[in-house]
Amino acid sequence: MHRRPARFPLLATLLLLAAWLPPALAAPPSMVPAPPEVEAGGWVLQDFQSGHVITENNAEQRMEPASLTKMMTAYVVFNELESGNIALDDEARISEKAWRMPGSRMFIEVDTRVTVEKLLKGMIIQSGNDASVALAEHVGGSEEAFAGMMNGHADRLGMDGTHFVNATGLPHEEHYSTARDMARLARALVRDFPDHYEWYSQRKYTYNGITQYNRNKLLWRNPHVDGLKTGHTESAGYCLVTSAQREEMRLVSVVMDAESEEARARESDKLINYGFRFFATHKLYDAGETLTESRVWKGKTEALPLGIDETLWVTIPRGRYDALDASMELDRPIMAPAAAGERYGTLHIEFNGETLEERPLRALEGVEEGSLWTRLVDNVVLLFR
């Protein structure tokens, strides 16, 4: 079976328009230039919805994440909030260890109590190492135990090149990640906790009478940027994970080991602008949408709706929508009983004649075995097929 991807009203309009316009007015295919040169140790530019990597370099090289680590610290705390294990108005006691943390600080005071919400803002907006340790101790009992929770989530998210030993990102030989893993974490953070993600766009935060500004310069420079996290140590260089949205398209970029605070902002801006300018992301099919109906033999009903279990997005060069094509292939004749969720075929998405995506076609509902007469009749029919 071959057909164009469904639910593309724009495509039908464009095809009709192209047929009506004189040849001289028809637009040529969009040309995509080479990605920009990026001055950093490693980087990734990835679409949030489709996961398509637009460009990358040294993306799997083990590097120090510095304060990018705090994205995972936040992820763990957000997960505990969603699970009901803690609350935003819980008060965490500030230990001497948290109070003494070097580097960027929120300026919390030892033996005081500070709410989880204030600590999160101090960590996210001010990049406070003291706030990070206070949260880790409140959630995990100790920073070491909390690091174990961080690694558990990293494993679950498929961050195979990552290992955490602390909640701050301060240097340690066993504390490392990759640009690709940081992009994976950023996407999970935006996807799983949209209600808390808005804190990453705040430009300043005042605590204890001290106002500090978010170190992410792109929050001021690029109107599409609404997060995410900066990082810096002498050994890690300057790092920045950026998330930006223009209309319905969201991009995530990771720049690690840049030479300066200005360089990490400049190089990240290059990547984000390149992605928005030359690529577009389209939703092809919703999860649970009926893509086709297949004949069911020996069942109570003859038609079985098939679809995919995750919404399918694709990222392609702008202006190349008409180069998409979809086909569906069944693995075998379908015999009742058919279980909902069982795989019966494959959805193929091609771009310019090459495979872009493949997804399993699954039964969207179950079909019970039919009557004895139905089974006998279908057995006879199948003999002559």
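Computed values, structure above
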| quantity | calculated |
| --- | --- |
| Under 13 Å from the Cα of LYS217 - aspartates and glutamates, other chains or at least 8 residues apart | ASP226, GLU261, GLU262, GLU267, ASP269 |
| Additional length obtainable on full extension of the chain from GLU234 to GLN61, 0.36 nm per residue less Cα span | 60.5 nm |
| Cut-off under 5 Å, modelled amide H: who pairs with ILE334 long-range | TRP297 |
| Mean ellipticity per residue at 222 nm, deg cm²/dmol - from DSSP H runs of n ≥ 4 across the chain, formula -39500 (n - 2.57) | -9000 deg cm²/dmol |
| Accessible area (Å², per residue) of the chain, counting only protein heavy atoms and a probe of 1.4 Å | 47 |
| For the range 258-385, alpha-carbon Rg relative to the globular expectation (2.2 N^0.38 Å, N residues) | 1.58 |
| The range 280-385: chymotrypsin sites (Phe, Trp or Tyr not before Pro) in DSSP coil with no more than 11 other Cβ atoms inside 10 Å | PHE384 |
| Cα-based equivalent ellipsoid, the chain: semi-axes from gyration tensor eigenvalues, Å | 47, 29, 17 |
| Residue with peak Gaussian network fluctuation, the chain [Cα springs, cutoff 10 Å], from ILE124, ILE54, ILE86 | ILE86 |
| Distance (nanometres) between label positions extended 7 Å along Cα→Cβ at GLU310 and ARG100 | 4.5 |
| Paramagnetic reach from GLU82 in the range 158-199 [backbone N under 16 Å; point 7 Å along Cα→Cβ] | 158-159, 184-199 |
| The range 286-353: GluC sites (Glu not before Pro) in DSSP coil with no more than 11 other Cβ atoms inside 10 Å | GLU310 |
| Förster radius 25 Å - calculated FRET efficiency between ARG113 and GLU198 (Cβ-Cβ, nearest 0.05) | 0.50 |
| Accessible area of SER142 in the full protein assembly, 1.4 Å probe (Å², nearest 10) | 40 |
| Rounded percent of accessible protein surface that carbon and sulfur make up, the range 142-261, 1.4 Å probe | 43 |
| Paramagnetic reach from GLN245 in the range 185-220 [backbone N under 14 Å; point 7 Å along Cα→Cβ] | 187-202 |
| Candidates MET31, MET106, MET71, ranked by Gaussian network fluctuation over the chain, Cα under 10 Å, top entry | MET31 |
| Net lengthening on full extension, THR206/ARG320 (0.36 nm per residue, minus Cα-Cα) | 36.3 nm |
| Under 18 Å from LYS97, Cα to Cα: lysines that are on another chain or at least 8 residues apart | LYS70 |
| Antiparallel bridges, percent of DSSP beta bridges restricted to the chain (to nearest 5) | 95 |
| The chain: most fluctuating residue of LEU291, LEU135, LEU45 per GNM, C-alpha cutoff 10 Å | LEU291 |
| Cleavage-rule hits (trypsin sites (Lys or Arg not before Pro)) in the range 24-100: DSSP loop, at most 15 neighbouring Cβ within 10 angstrom | ARG62, ARG100 |
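The values are calculated or read from the model by the stated rules, or taken from the named source; none is laboratory data. Quick caveat: nothing in here was measured; it's all calculated off a predicted structure. Because the Cβ atoms are built from the backbone with ideal geometry, glycine has one as well, and the counts that use them run over all protein chains shown. Accessible surface areas use protein heavy atoms only, side chains included; no ligands, DNA or RNA. Shrake-Rupley method; radii C 1.70, N 1.55, O 1.52, S 1.80 Å.
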